[in-house]
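**Q** First the structure, then my questions, so here it is.
Read-outs: derived from the displayed coordinates by stated rules, not from any lab. On a predicted model such as this, the values are computed, not experimentally measured, just so you know. In this analysis, Cβ positions are derived from the backbone assuming ideal geometry, glycine residues included, and neighbour counts consider all displayed protein chains.
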Amino acid sequence: MDIDLLTLFPEMFAGPFDASIIKRARAAGIVTIRLHNIRDHAHDRHHVVDDTPYGGGDGMVMKPEPLFEAIESVRRPDSHVILLTPQGQVLDQAAVGRLARHPHVAIVCGRYEGVDERVSTAVDEELSIGDYVLSGGEPAAIVLVDAIVRLLPGAIGAEGGAAADSHASGLLEHPQYTRPAEFRGMKVPDVLLSGNHQEVHRWQRGEALKRTLERRPELLARAPLTAEDREILRGLGWAGAEAG
Ligand code: ADE
């Protein structure tokens, strides 16, 4: 996969893209990440990229010309261009899975108090990483690139890979433990020490359902649930069993 990042602050990406899974995926040729400075597409003497808003108000707005040009400089027939903004659709794992199938993703990082509305016509999609406001799209782009890259074939070597992650199943993940079997009086559940794989699996599924019901019940409406899952959830007091 090729990823192009359009930003006013390319230096913000040096650390995150040079460690761990993204670093390895880049070294293995699984992903190519290129950084582009939007300011290089401002042609006036001072390379101005923002201006005051029409209608007045605080703050500055990113001008359309440098953004359009920057997007056009990376766009190919197979591109999917994303604008990161708190006004976008909120990212979830299903959206990440969809994005990971594009051969080329270009990500535009907004800055200042906003981006000229006409830029929305130059992108394929506007995304937010959550209902809170960052100083710019750069930290959101780091989150988005990390979530995409770990889904690319070969990026995660371990068995199961990203398919076993929290949210991949539409549920939160079951609790995990490692040695020691007892730590400060807290014991690892007996079933995990039993060696009975079927029982372990059943326990893990039950815990994932229980945790999702307790912490994120709204996820259950869209999770693919078996008849047995529904039975378990009903036993836990889930009211949605009939509706689903
Ligand atoms: N820019 C500022 N806040 C953002 C958010 N929550 N998601 C994506 N881009 C942003």
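**Q** So for segment 26-75, averaging the separation of alpha carbon pairs under 8 Å that are six or more residues apart and normalising by length, what relative contact order in percent results?
**A** Working: 40 pairs, mean separation 15.2, N = 50.
For segment 26-75, the relative contact order is 30 percent.
**Q** Continuing with the same structure: What's the local net charge at Gly57, with K and R +1, D and E -1, over the other residues with C-beta under 13 Å away?
**A** Numbers: positive: none; negative: Asp51, Asp58, Glu113.
Charge balance near Gly57 sits at -3.
**Q** With a sphere of radius 13 Å drawn around the Cβ of Leu152, what net charge do the other residues whose Cβ falls strictly inside it have (Lys, Arg +1; Asp, Glu -1)?
**A** Values: positive: Arg24, Arg26, Arg101, Arg150; negative: Asp2, Asp146.
Combined, the nearby Lys, Arg, Asp and Glu give +2.
**Q** If we count other beta carbons within 10 Å of each Cβ, what is the order of Ile107, Ile3, Ile33, fewest first?
**A** Values: Ile107 27, Ile3 24, Ile33 17.
By the 10 Å Cβ count, ascending, the order reads Ile33, Ile3, Ile107.
**Q** In whole Å, largest first, what are the principal axis extents of the Cα atoms in segment 182-243?
**A** That gives 41, 25, 17 Å along the principal axes, largest extent first.
**Q** To continue, here is another question. Ordered by residue, what ³J(HN,Hα) values in Hz, to whole numbers, does segment 84-95 give under the Karplus form 6.51 cos²θ - 1.76 cosθ + 1.60, where θ = phi - 60° and Gly and Pro are x?
**A** 8, 7, x, 7, x, 5, 6, 5, 9, 5, 5, 5
**Q** Moving on to the next point. Which of Ala147, Ala162, Ala14 moves most in a GNM of the chain, Cα contacts under 10 Å?
**A** In the Gaussian network model the winner is Ala14.
**Q** Shifting gears a bit: When 1/r is averaged over all different Cα pairs and the result inverted, which Kirkwood radius in Å belongs to segment 2-149? Working shown, then result.
**A** Details: mean 1/r = 0.0638 Å⁻¹.
About 15.7 Å, per the Kirkwood formula over Cα pairs.
**Q** Which value, in Å³ per residue, describes the convex hull spanned by the Cα atoms of segment 1-74? Provide the component values of the computation, followed by the final result.
**A** Details: hull volume 8.8 nm³, N = 74.
Taking only Cα atoms, segment 1-74 has a hull volume of 119 Å³ per residue.
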